[in-house]
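A quick write-up on the structure given underneath.
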Amino acid sequence: MLNTNLITNATALLASERANYVKLHPKSAELSAKASQHFLYGVPMHWMNDWGTPVPLFINHAEGAHFTCADGIDYTDFCLGDTGAMFGHSPAPVAKAIATQASRGYTAMLPSTLAPDVGETLSDFFGLDDWQLATTATDANRFVLRWARAVTGRSKLLVFDGCYHGTIDDTEIDIIDGKTVNRASLLGQVYDLGMHTVAVPFNDLAAVERELAKGDVAVLLTEPALTNCGMVLPNSGFIEGIRALTTKYGTLLTLDETHTISTARGGWAKANHITPDFLVVGKPIAGGLPAAAYGFSEAMATRMKAAKDSAPAGHSGIGTTLSGNMMTLAAIHATLTEIATDAAYKHMLTLAASLEHQLSAAIKAKKLPWNITRLGARLELQFCEKSPTNAQQARDAQNDTIESAIHLYLLNRGVLLTPFHNMMLICPSTSEADTNRLLEVFNDCLNVLTSQ
Ligand SMILES: Cc1ncc(COP(=O)(O)O)c(C=O)c1O
């Protein structure tokens, strides 16, 4: 099968599926026109318009692994809010906790009586002693960077090419001609981010050591596996290697587990017995309500207190008014104690492993040079024969036309993948019938794409 045939088929498929989408979604088109009167691009956040559908899909009701759109069509959701709904939409215990708290106050700039239990729950779940809350994972990363600079007295941040840690400017960089520069797509950033941020390729321990040896890196921030440029797993010993190197050169190691919480209960670091200096989590920890947290050791807490106590009183640059509010505390507690259980993870991981096998077999049957990469409950389809080992390889494997054609074909048949790459996530209420439906539609799509 020549790639050109695949692209020709994908181009034709994309055009017919766009027409199909318009026919299937008159109510979404109507809502889009109406919302355009008062929302930029007709959506509450401009990137909601970037899904590649002719008009955005408007959601009516989401529960468990499914949702219905404004046109009454049922979808099996493998995007799950790009991890925000990784424990399912509107899980009953979280809905109950929110309803109970709803008549007891939302926010007061003071902790609720549940605060000690939430601290203990976070500590038990992720295995780090001390915690602080934020409202988004972006903010949690931003705050950790501040703490790290304050604690070490160093200015530099080391990240990996292809990283994404939210809209924290310091990480919105690319490597061009060996230099760390502002991402070309970044709007309104007037500072040269390469002044204080250095990026090196993932899985390259020598490059990490070269930068750390300069002695000016406050913190190395990374996901245990890159999950935002396709999926790049760490080589065996790589994260252990950066742990050892950061310790050797006095740099703090932050693991952003916002997505890799898919690995196992407690996240990748706990499952792999690595203790970072800071651990960041966000998105699903309050069942999909805005919440994030960062954890650290007792020893780090002592250094943080010393930095804070030696600064004059006033704004620390760390914190937002609504973070750690009473509603969020109730939702985090219910999510981590009642939803993200061992049994839930067992189901998610077993079903994801089985889906990985079946999708791989479907790809092999068509002799396509593609692969499925999996991290616990999270799977990524990539258009390369083997899992990439760095972001450049992952980027080289991307093909917008094929990707968009697959996404839209599946979406028009009630199966939703994560936009901007090919991620599929399993939640506690995803069933075998749901994964069978995905496989059936994926196989049909491959038949169309590979037809002569
Ligand atoms: C690894 C990682 N960290 C942080 C974030 C930021 O999360 P939020 O947009 O909720 O701030 C993201 C978002 O996709 C992410 O993938």
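The values are calculated or read from the model by the stated rules, or taken from the named source; none is laboratory data. Here the structure is a predicted model, which means the values were calculated and not measured. Positions of Cβ are generated from backbone atoms using ideal geometry, with glycine treated the same way; all protein chains shown enter the neighbour counts. Accessible surface areas use protein heavy atoms only, side chains included; no ligands, DNA or RNA. Shrake-Rupley method; radii C 1.70, N 1.55, O 1.52, S 1.80 Å.
So the values come out like this:
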item	result
Filter pass, A85 being part of a loop (DSSP other than H, G, I, E, B), crowded, with 22+ Cβ neighbours inside 10 Å and within 16 Å of the ligand (Cβ to nearest atom)	yes
Options V151, V159, V144; residue that is crowded, with 17+ Cβ neighbours inside 10 Å, over 26 Å from P234 (Cα atoms) and hydrophobic (A, V, I, L, M, F, W, C)	V151
The range 199-222, residues that are over 18 Å from V181 (Cα atoms) and open to solvent by 10 Å² or more (accessible area, probe 1.4 Å)	N203, D204, L205, A206, E209, R210, A213, K214, G215, D216
Filter pass, T76 being crowded, with 19+ Cβ neighbours inside 10 Å and touching a His at 6+ places or on another chain (Cβ under 8 Å)	yes
Any chance A293 is within 20 Å of D130 (Cβ to Cβ), assigned to a helix (DSSP H, G or I), small (G, A, S) and within 14 Å of the ligand (Cβ to nearest atom)	no
Subset tally (residues that are of a type in the set (A, V, I, L, M, F, W, C), in contact with a strand residue (DSSP E or B) (Cβ under 6 Å, 6 or more places away or on another chain) and farther than 18 Å from N235 by Cα) for the range 200-217	1
Hey, T321 under 30 Å from N3 (Cβ atoms) and either open to solvent by 50 Å² or more (accessible area, probe 1.4 Å) or touching a Ser or Thr at 6+ places or on another chain (Cβ under 6 Å) (or both) or not	no
Checklist (1) within 16 Å of the ligand (Cβ to nearest atom); (2) assigned to a helix (DSSP H, G or I); (3) farther than 25 Å from H333 by Cα applied to L220, failing item	(2)
Residue that is open to solvent by 10 Å² or more (accessible area, probe 1.4 Å), out of contact with any helix residue (DSSP H, G or I) (no Cβ under 7 Å at 6 or more places or on another chain), at pLDDT 95 or above and more than 10 Å from the ligand (Cβ to nearest atom), where the choices are T263, T247	T247
Every pair of residues 6+ apart whose Cβ atoms lie under 6 Å, when the first sits in the range 19-43 and is farther than 12 Å from T53 by Cα while the second is open to solvent by 60 Å² or more (accessible area, probe 1.4 Å) and assigned to a helix (DSSP H, G or I)	L40/H46
A299 vs. criteria modelled with pLDDT under 95 and either in a helix (DSSP H, G or I) or not β-branched (V, I, T) (or both)	yes
Only one of A286, A307, A291 that is closer than 24 Å to V217 by Cβ, of a type in the set (G, A, S) and open to solvent by less than 50 Å² (accessible area, probe 1.4 Å)	A307
Residues located in the range 269-283, provided they are open to solvent by less than 20 Å² (accessible area, probe 1.4 Å) and either near the ligand (Cβ under 10 Å from one of its atoms) or in a helix (DSSP H, G or I) (or both)	A269, V280, V281, G282
Count of the range 250-260 residues which are part of a loop (DSSP other than H, G, I, E, B), more than 29 Å from E356 (Cα to Cα) and either within 12 Å of the ligand (Cβ to nearest atom) or open to solvent by less than 10 Å² (accessible area, probe 1.4 Å) (or both)	1
Members of the range 215-257 found to be free of Cβ contacts under 8 Å to residues at least 12 places away in the same chain and over 24 Å from S387 (Cα atoms), listed by number	A244, T247
Given (1) within 16 Å of the ligand (Cβ to nearest atom); (2) farther than 16 Å from F278 by Cβ, index of the condition H165 fails	(2)
Restricting the range 229-244 to residues that are away from the ligand (no atom under 15 Å from the Cβ) and not aromatic (F, W, Y), the residue that is surrounded by the most Cβ atoms within 10 Å (Cβ to Cβ)	I242
Candidates G81, G194, filtered to the one that is farther than 21 Å from L336 by Cα and touching a strand residue (DSSP E or B) at 6+ places or on another chain (Cβ under 9 Å)	G194
Hits in the range 128-140 (condition: near the ligand (Cβ under 9 Å from one of its atoms) and in contact with a helix residue (DSSP H, G or I) (Cβ under 7 Å, 6 or more places away or on another chain))	A134, A137
Strands (runs of 3 or more DSSP E) wholly inside the range 1-81 containing at least 2 residues that are hydrophobic (A, V, I, L, M, F, W, C)	59-63, 66-69
R183 surrounded by fewer than 16 Cβ atoms within 10 Å (Cβ to Cβ), within 16 Å of the ligand (Cβ to nearest atom) and at pLDDT 95 or above	yes
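Matching residues to (1) over 23 Å from the mean Cα position of the chain (by Cα); (2) at pLDDT 95 or above; (3) within 21 Å of E380 (Cα to Cα):
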{"residue": "H61", "(1), (2), (3)": "no, yes, no"}
{"residue": "D71", "(1), (2), (3)": "yes, yes, no"}
{"residue": "D77", "(1), (2), (3)": "no, yes, yes"}
{"residue": "T83", "(1), (2), (3)": "no, yes, yes"}
{"residue": "F87", "(1), (2), (3)": "no, yes, yes"}
{"residue": "S90", "(1), (2), (3)": "no, yes, no"}
{"residue": "P93", "(1), (2), (3)": "yes, yes, no"}
{"residue": "A99", "(1), (2), (3)": "yes, yes, no"}
